[in-house]
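One structure is given here, and the rest of the page talks about it.
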Amino acid sequence: MNIGTLVLAAAGIAVLAGCVGMNPAQPKRELMIVGNDEKQSWDDMGKAIVGPPGKDTVSIIDIGTDPLAPKIIANLPLANTIVGPPVNLLITPDEGLALVANSMNAVAEGGAWKLVPDNKVWVIDLTATPPKLIATLAVGKQPSGMSINRAGNLVLIANRGDNTISVLRISGKKVELIDTVNIGEQVAHVKFTPDGKRALAVKFPGHKVALLEVNGEKVTYNKYDMAVGLWPYNVDVTPDGKLALVADNGNSGAADGNVDTVSVIDLELTPPRVIDKVVVGDGPEGFAISPTGKLAVAVLLRGSNSAKNAFFYNRNALVVALKIDGKKVTRGNEVEVRGLPEGVVFSGDGRYIYVGNFIDQDVSILRVDGDQIVNTGKSLQLPGHPASMRGRSY
């Protein structure tokens with residue numbers, strides 16, 4: 001063996017020794033935001049009870065460092081509500097900001113409390129330690145479902161109370177209202193397509209989904225609608241932008257014992273249109289598509305906040321898996337969660353699913369196993385009742 005060979009061998013041994021001593025990659029923080037509504041409850045007959053305001057919180061949770069043992073890093077005393085689809089909040093793609101829409105306020109009237117529409121959006125700085133409220137915006141009446149584009153500079157908010165969509169610009173930490181689009185009827189949620197050039201607005205009582213065109217900061221509604229299932233409440237778009245899936249609640253935001261559907265929209269057709277409907281079960285409300293694009297989940301209310309003597313009442317509810325294979329969507333397995341599940345969030349790698357159980361004040365942690373979902377049996381206790389949930393926007 002010559003000198004050069006010996007030198008190379010020694011260098012190789014040194015490199016291997018260095019690799020043995022290297023630390024494994026550290027888990028990365030990944031945030032989820034949860035709105036806890038402490039005003040709303042239901043009695044044994046399914047009647048809604050409204051209590052006084054002042055106890056709501058917004059929880060900022062790290063689900064990345066240990067996916068099976070998420071950690072609450074902040075609880076902010078901010079008003080929010082269960083009224084509306086559980087998507088009235090979001091986290092920007094860079095995890096720099098969070099926005100929370102306060103759709104309804106509790107006000108005193110005649111010795112009791114009732115809910116009335118609000119128009120506020122809270123802006124939270126997630127880079128601060130701890131996260132903090134930095135601005136309050138006035139938008140449309142009863143701001144509900146919201147969406148942000150992948151560039152992280154434009155937000156759309158569906159205002160259920162005045163039939164409009166607010167357009168917000170984000171520049172650094174500054175968030176401002178720049179336009180309002182009149183839809184002409186109630187919209188519950190709105191979702192950008194991945195290229196940021198279009199958006200879908202869910203017309204809740206109209207049983208339709210409106211197509212919006214986005215050119216820079218200009219958002220236009222050209223009066224093209226697609227008929228979907230009854231009472232569409234929630235919508236998401238696959239990461240490749242080819243499909244949109246719409247959760248058709250079936251009964252104006254509540255379960256009724258009848259099966260309901262998820263409508264499948266082909267966004268590559270001109271114009272886009274509904275190509276299929278998948279029967280999922282009673283009362284889909286929470287809904288999300290995995291960042292992998294291969295799976296979606298529909299959260300079924302299943303009568304878990306209904307009158308206990310109702311034929312469709314169930315103490316616990318269900319999460320249903322939907323397998324996405326090209327443009328074919330099929331119902332997969334289902335798992336049981338707890339009472340009145342609302343929001344649902346996929347982890348960034350698509351391996352875990354978090355479901356907020358309003359009645360039980362906790363989050364069920366599910367695991368994705370191929371195209372199946374499994375309840376890990378683990379949960380996260382919350383300081384209040386989870387009314388809405390979102391992870392980082394992608």
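Counting other Cβ atoms within 10 Å of each Cβ, which trypsin sites (Lys or Arg not before Pro) in region 25-78 have at most 13 and sit in a DSSP loop?
Working: sites: Lys28, Arg29, Lys39, Lys47, Lys55, Lys71; in loops: Lys28, Arg29, Lys39, Lys47, Lys55.
Sparse-neighbourhood loop trypsin sites (Lys or Arg not before Pro): Lys28, Arg29, Lys47.
Starting with the fewest neighbours, write out Glu38, Glu336 ranked by other beta-carbon atoms found within 10 Å of each beta-carbon.
Numbers: Glu38 20, Glu336 14.
Going from sparsest to densest Cβ surroundings: Glu336, Glu38.
If you average the sequence gap of Cα pairs under 8 Å that are 6 or more apart and divide by the length of the chain, what percent do you get for the contact order?
Working: 1182 pairs, mean separation 49.7, N = 394.
Once normalised by length, the contact order is 13 percent.
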When the charge dipole of region 253-386 is computed with +1 at the Cβ of Lys and Arg and -1 at the Cβ of Asp and Glu, the Cα pointing farthest to the positive end, of Gly303, Phe358, Thr292, is that of Thr292
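Compare the peptides 128-135, 311-318 by average per-residue count of other Cβ atoms within 10 angstrom and give them in order, highest first.
Values: 128-135: 13.6, 311-318: 17.2.
Order by mean packing, descending: 311-318, 128-135.
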In Å, the Kirkwood hydrodynamic radius from C-alpha pairs for region 120-223 sits at 13.9 Å
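What fraction of the Cα pairs in region 29-391, stated in percent, has a spacing above 32 angstrom? Present the calculation step by step, with values, prior to reporting the outcome.
On the way: 14929 of 65703 pairs.
Tail of P(r) above 32 Å: 23 percent of Cα pairs.
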With Cα coordinates, the longest principal axis of the chain makes an angle with the long axis of helix 3-20, in degrees rounded to 10, of 30 degrees
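Under a point-charge model restricted to the Cβ atoms of Lys and Arg (+1) and Asp and Glu (-1), what is the dipole moment magnitude of the chain relative to its Cα centre, in debye to the nearest 20?
On the way: 39 positive and 40 negative charges, 79 e Å.
Approximately 380 debye in magnitude.
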Partner aspartates and glutamates whose C-alpha sits under 14 Å from that of Lys378, ignoring same-chain residues fewer than 8 away, are Asp66, Glu336, Asp360, Asp362
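Bear in mind that the values in this text are calculations on the coordinates, not laboratory data. The structure presented is a predicted model; accordingly, all values stated were derived computationally and were not measured. Don't worry about glycine lacking a Cβ; one is built from the backbone with ideal geometry, like all the others, and counts go over all protein chains shown.
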